[in-house]
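Worksheet: one structure, shown below.
The values are calculated or read from the model by the stated rules, or taken from the named source; none is laboratory data. Keep in mind the model is a prediction, meaning the values are calculated, not measured. Neighbour counts run over all protein chains shown; Cβ positions are idealised from the backbone, glycine included.
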Amino acid sequence: MIEALIRKNIKALSPYSSARDEFTKVADMYLDANENPYQNNLNRYPDPYQKKVKTLLSEWKGIDTSKMLLGNGSDEVLDLIFRAFCEPKEDNVILLPPTYGMYNVLANINDVEAIEIGLSDTFEPKVDAILEAQNENSKVLFICSPNNPTANVFNISKVEKLLSNFNGIVVIDEAYIDFADTASWIERLDEFPNLIVTQTFSKALGHAAIRLGIAYASEEIVNVLNKIKPPYNVNELSQQKAIEVLTEAKFIKQIDEIKLERKKLESALAELKYIKKIYRSDANFILIKVDDANKRYNQLLEKEIVVRNRSKQYKCDNTLRISIGTPAENNKLLVEMIKL
Ligand SMILES: *Cc1c(COP(=O)(O)O)cnc(C)c1O
């Protein structure tokens, strides 16, 4: 079934074979990659398949390393998905606004039509409308859960129904999953051969700067993506740092603290009259509806506090998206917001 979804030129492609691809054993001397031979910790090309990072991820997540692909941020992983499955000017993808802006940007870059089926008033996918909108050229459905900017995890049975009935690839972007109390969809990869789950080092793992994104999928899908990724797409410094991060496990404590701070912020903000609604959050940010988003945004800016005004997004008029900061930052935010 996946076979039929792959673009013809990608199916026919013989991938670039790097020196580190062709010789993977241990040798005395490496004179095969035209590197500078003098050691400085970075003179050699990095492992193209990031085996050490994947092994640590595998121990943490319980997924076999053959079902992972790492990229230069989720951005690269998502772009690889477009390039593997979507024929420019012919195929389409389905997006569920309000959602993460990159899917639409990547669709435009790849000259692929984006069919938009807005979320319901409770910010859940409209399953029937999505399934009705798909046609033979619908290759990928992007589901962001927990969703950015609405912060909620989508209803499990709705997502199940989409996974079972959508004829193309279903991407579930779980950038924020470590802040949610629900299980990750990676646990159900074997049940759904068309599923790709993406995660990232940028949020809960606290390393947006190293640009490391992960795709979890069937070996078949991972093999296709591996074929088209730039050979050394994750640099050595990022790989070393990722190994450090996964070994330290310091971030686990930070996730708990952020969730606790989210709860405190939610209950304190509930007291403020100009806040009309606080949406349920399963992420490290909260979306609030206020009386006048532009006014409140500017008032906070005067206090040197930047939040994100999401008012232009579908069904998001007069909303602000606020990331959970450190306890000190959240206290200062509250002090200022109470004064408005
Ligand atoms: C922040 C975010 C990401 C992370 O992207 P990276 O390129 O890995 O930094 C992915 N998806 C969503 C929905 C996000 O909000």
**OP:** Would you be able to say whether some residue in region 110-132 is crowded, with 19+ Cβ neighbours inside 10 Å, within 18 Å of Leu163 (Cα to Cα) and of a type in the set (Lys, Arg)?
**Re:** no
Subject >> Selection status of Ile169, away from the ligand (no atom under 16 Å from the Cβ), under 17 Å from the mean Cα position of the chain (by Cα) and not assigned by TED's automatic domain parsing to the domain that holds Arg321 >> reply: yes
Original post:
If the Cβ limit is 8 Å and pairs must be 6+ apart or interchain, which residue in region 254-265 that is free of Cβ contacts under 8 Å to residues at least 60 places away in the same chain pairs with which residue that is surrounded by 13 or more Cβ atoms within 10 Å (Cβ to Cβ)?
Top reply: Gln254/Ala204; Gln254/Gly206
Subject >> Answer residue from region 200-232, given it is of a type outside the set (A, V, I, L, M, F, W, C), within 16 Å of the ligand (Cβ to nearest atom) and closer than 16 Å to Pro48 by Cα and is surrounded by the fewest Cβ atoms within 10 Å (Cβ to Cβ) among those >> reply: Pro230
**OP:** Scan region 194-208 for residues that are under 16 Å from Lys61 (Cα atoms) and not in a loop (DSSP other than H, G, I, E, B) and report the count.
**Re:** 5
